[in-house]
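The structure under discussion appears below in the form of structure tokens.
The values are calculated or read from the model by the stated rules, or taken from the named source; none is laboratory data. Everything numeric here is computed off the predicted structure, so don't read it as measured data. No Cβ is skipped: glycine too gets one built from the backbone with ideal geometry, and neighbour counts run over all protein chains shown. Areas reflect the complete protein model, heavy atoms only, side chains present, ligands, DNA and RNA absent. Shrake-Rupley method; radii C 1.70, N 1.55, O 1.52, S 1.80 Å.
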There are 2 protein chains.
Amino acid sequence: MDASDRWKRAAALRAVELVESGMLVGLGTGSTARHFIADLGARLSAGELGDVRAVPSSEESERQALALGIPIVDLPAEGLDLAVDGMDEVTDELDAIKGLGGALTREKIVASAARRFVLIGDDRKRVARLGERAPLPVEVVRFGVNRTRALLRELGAEPELRGGAQTPAVTDNGNLIVDLRFDGPFDAAAVAEALAAVPGVVEHGLFLGMAERAFIAGEAGVTELVAPSS
Amino acid sequence: MDASDRWKRAAALRAVELVESGMLVGLGTGSTARHFIADLGARLSAGELGDVRAVPSSEESERQALALGIPIVDLPAEGLDLAVDGMDEVTDELDAIKGLGGALTREKIVASAARRFVLIGDDRKRVARLGERAPLPVEVVRFGVNRTRALLRELGAEPELRGGAQTPAVTDNGNLIVDLRFDGPFDAAAVAEALAAVPGVVEHGLFLGMAERAFIAGEAGVTELVAPSS
């Protein structure tokens, strides 16, 4: 386990402490969420937690949870108690970019269904403003993708079809991913509103005002950030 | 051909007059669009029009166009010259509800790509305010559909899964359709904005401010309506 992995695990362990017996828990996707799922499985196996059921945000996380014996259920109408996921970028206000793993639509459905949504990651993901380093992933329907890319370019970003035109990456929902590369930080609220209005866009990787807290690990240990509105 | 079909055909014929040789034309979906496609095919066969290429908004319309020898192309990045489609409801301002045929997402992508978007139909579709008769179709991803329905119910509508839970209708994009039944007319702009913000919603059947004109046929012949902004 390298330093980055140790930090991710340290952040994941803090989030697992929020899980209580009887909870319905949303599982994120990606290298950091993987640590959370592993630790959750370990606590269930050890009998430290009981009657926890989980909703995975990807087929990848579902496979991992099933292998660990974590009971899986469909996302219920009444929502979830808690959801925990990694991120590609996060600000001090806990606005985030997600979707590098390609599961952004299910991740957002799961996160928005949770009464508490918690981000975990290492401190290289912290930014002053969104767009400093990460591209913004957008899930789009296949039909008309060249036209949709042209509309996305009008937002001031270079829209790259993930995987390329010959072998495009396909999401669990059967859609495509366009990664928007802005020149630098952008007005996240304005971009989110504009993206929602583009026909052909299924969902985008801006998670604004959704997280309640974040556990960010680095050299100095784990820092807990709480959202301004919490 | 019953009266309703005669009217639909009369409206379609007026729209076909807008097609010029060399145009890229978007083809709608449904019983009225079917007349437009048939008449367009007839004019191409008769040599009255040449070098027209079409982008169909559904597999159904693609099959019809191919059978008629209308050249089909992918939606190009630069958009379309004209798109013609039917509707479920239309106001005097040319705001419309579409999606009864289940093709609303591709229809909206095609309509928004067209420099001129024209609605055709019979006058039983005219309403003073949207929601008088037609349900509002919403295309949603399969994942978390019960949770998405719960969120849609919060908009003040009864969300019915088209086809039912056992045999749900599946769109050309592989998604599901939820028909929102409001008690009566609703604030279309507010509902459109709220729907765009629901994770899990791919697209909705509100086509607001998109149509440039409409040809509406009835007992008294064909009425041409022009959008306020045109």
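Express the relative contact order of chain A as a whole percentage, based on alpha carbon pairs under 8 Å and six or more residues apart in sequence.
23 percent
Would you work out which of B:207, B:61, B:41 lies farthest towards the positive end of the dipole of chain B, given +1 charges on the beta-carbon of Lys and Arg and -1 on that of Asp and Glu, about the Cα centre?
B:61
Can you bin region A:1-109 into rounded, prolate or oblate? Criterion: square roots of the alpha carbon gyration tensor eigenvalues sorted a ≥ b ≥ c, rounded for a/c under 1.5, prolate for a/b above b/c, oblate for the rest.
oblate
May I ask you to report, in nm to one decimal and beginning with the shortest, the distances from residue B:166 to the same position in the other copies, taking label points 7 Å along Cα-to-Cβ?
4.8
Mind checking the per residue accessible area of region A:136-202 for me, 1.4 Å probe, whole number of Å²?
Spelled out: the 1.4 Å probe surface of region A:136-202, per residue, equals 41 Å².
What average count of beta carbons from other chains do you get within 10 Å of the Cβ of residues in A:175-181?
Working: counts 5, 0, 0, 0, 0, 0, 0.
Average per residue, whole number: 1.
Collect residues whose amide H, placed 1.01 Å from N in the peptide plane, falls under 5 Å from the amide H of residue B:114; neighbours closer than 5 in sequence don't count.
Amide H neighbours of residue B:114, under 5 Å, 5+ apart: B:80.
Please check region B:113-141 for residues whose accessible area, probe 1.4 Å, is lower by 10 Å² or more when all protein chains are in place than in their chain alone.
Residues meeting the cut-off: B:113, B:141.
Please turn the phi angles of region A:40-49 into ³J(HN,Hα) values with the Karplus equation 6.51 cos²θ - 1.76 cosθ + 1.60 (θ = phi - 60°), one per residue in order, whole Hz, x for glycine and proline.
Values, residue by residue: 5, x, 5, 5, 5, 4, 6, x, 6, 10 Hz.
For region A:129-172, what % of the accessible area comes from carbon and sulfur atoms, probe 1.4 Å?
45 percent
Taking the Cα centre of the protein assembly as shown as origin, sum charge times position over the Cβ atoms of Lys and Arg (+1) and Asp and Glu (-1), and report the length of that vector in debye to the nearest 20.
Details: 50 positive and 72 negative charges, 108 e Å.
Magnitude of the dipole: close to 520 debye.
Could you give the distance between the Cα centres of region A:1-42 and region A:124-179, to the whole Å?
Between the Cα centres of region A:1-42 and region A:124-179 lies a distance of 27 Å.
HN-Hα J couplings of region B:16-23 from phi, Karplus 6.51/-1.76/1.60, θ = phi - 60°, integer Hz, Gly and Pro as x?
Taking θ as phi minus 60°, the curve returns 4, 4, 7, 7, 10, 4, x, 7 Hz for region B:16-23.
How large is the helix-only mean residue ellipticity at 222 nm for chain A, computed as the sum of -39500 (n - 2.57) over DSSP H runs with n ≥ 4, divided by its residue count, in deg cm²/dmol to the nearest 500?
So the helix-based figure for chain A works out to -8500 deg cm²/dmol.
Cα to Cα, under 18 Å, and not fewer than 8 places away if on the same chain: which lysines meet these conditions relative to residue B:125?
Excluding near neighbours in sequence, the set is B:8, B:98.
Could you work out how far the C-alpha centroid of region A:197-221 sits from that of region A:64-94, in angstrom?
Measuring centre to centre over Cα atoms gives 13 Å.
Could you tell me the relative contact order of region B:136-202? Use alpha-carbon pairs under 8 Å, at least six residues apart, and round to a whole percent.
47 percent
Taking a label point 7 Å from Cα toward Cβ, how far is residue B:73 from its twins in the other copies, in nm, shortest first?
Computed spacing set for this position: 5.2 nm.
Where the only charges are on Cβ atoms (+1 Lys, Arg; -1 Asp, Glu), what is the dipole of chain A about its Cα centre, to the nearest 20 debye?
So the magnitude is around 360 debye.
Quick one: work out the % antiparallel among DSSP beta bridges in chain B, nearest 5.
The antiparallel fraction comes to roughly 55 percent.
Using a 1.4 Å probe and counting only protein heavy atoms, how much accessible surface gets buried when B and A come together, both sides summed, in Å² to the nearest 100?
Using a 1.4 Å probe on protein heavy atoms, the buried area is about 2200 Å².
Modelling each spin label as a point 7 Å along the Cα-to-Cβ direction, I'd like the residue A:181/residue B:133 distance in nm, to one decimal.
Calculated label separation equals 5.2 nm.
Nm distances between the label at residue B:132 and the same-position labels in the remaining copies, 7 Å along Cα→Cβ, shortest first?
With the label placed 7 Å along Cα→Cβ, residue B:132 yields 5.6 nm.
Taking the Cα centre as origin and putting +1 on Lys and Arg beta-carbons and -1 on Asp and Glu beta-carbons, what dipole magnitude results for region B:136-202, to the nearest 20 debye?
Using Cβ point charges on Lys, Arg, Asp and Glu, region B:136-202 gives about 280 debye.
Go through region B:144-173 and flag every residue whose accessible area shrinks by 30 Å² or more with all protein chains in place compared to the isolated chain (probe 1.4 Å).
Buried by the other chains: B:146, B:147, B:173.
In region B:75-93, which residues give up 40 Å² or more of accessible area once the other protein chains are added, compared with their chain alone (1.4 Å probe)?
By number: B:75, B:77.
Please list the equivalent ellipsoid semi-axes of region A:86-138, computed as the square roots of five times the alpha-carbon gyration tensor eigenvalues, in descending order and whole angstrom.
Listed largest to smallest, the semi-axes of region A:86-138 are 18, 14, 9 Å.
Could you put B:219, B:158 in order of accessible surface area, largest first, with the 1.4 Å probe and the full protein assembly present?
Largest accessible area first, the list is B:219, B:158.
To check you understand DSSP bridge types, tell me what percent of the beta bridges within region B:105-214 (both residues inside) are antiparallel, rounded to 5.
85 percent
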